[in-house]
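The structure appears below as structure tokens.
The values are calculated or read from the model by the stated rules, or taken from the named source; none is laboratory data. Bear in mind the structure is a predicted one, so any value in this text is a computation, not a measurement. FYI the Cβ positions are ideal-geometry reconstructions off the backbone, even for glycines, and counts take in every protein chain you see. To get the accessible areas, we keep the full protein, side chains included, count just its heavy atoms, and leave off ligands, DNA and RNA. Shrake-Rupley method; radii C 1.70, N 1.55, O 1.52, S 1.80 Å.
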Amino acid sequence: MTRIACLLTVNEPARPALLRVALAHSPRVEDAGAGRIYLDASGLEGLFGDEPRLAARLRAAAAATGVKIRVGIAQSRVAALAAARLGPGVLVVEPGGDAAYL
């Protein structure tokens, strides 16, 4: 099952640092512009732990570069973006729960 993480910041100059953080955690990364990065979070449990731990690790890695981010993880980009924008800093939508969340 595909899982997408959305890393969201309002600090556009932080984009290179945010890309480095994302690429350090997944080889599949998409720069969506406007302070938004998507990464494929599927299958990363063995490396980084469950999804809440992955999200916390992404936030900590970004903070270490001086960038504050919000992280949303879901099955679709739309749900991951909504979770990042509306969540408390880290929000993981349960697998199969995108429609109910949205």
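Just so you know, the Rg over Rh for the chain is 0.92, from Cα atoms, with Rh as the Kirkwood radius.
Accessible surface for region 12-70, divided over its residues, is 54 Å² per residue with a 1.4 Å probe.
A crude spin-label estimate for the pair Asp31 and Leu47, with each label 7 Å from Cα along the Cβ direction, gives 2.0 nm. Here the simple spin-label model places points 7 Å from the Cα toward Cβ, and for Met1 and Ala56 these points are separated by 2.2 nm. Subtracting the Cα-Cα distance of Tyr101 and Ala63 from their residue separation scaled by 0.36 nm leaves 10.9 nm. With both residues required to sit in the chain, DSSP beta bridges show an antiparallel share near 80%.
When you filter the trypsin sites (Lys or Arg not before Pro) in the chain for DSSP loop state and at most 10 other Cβ atoms inside 10 Å of their Cβ, nothing is left. With the whole protein complex present, Leu102 retains an accessible surface near 120 Å², based on a 1.4 Å probe. On region 42-102, 56 percent of the accessible area sits on carbon and sulfur atoms, based on a 1.4 Å probe.
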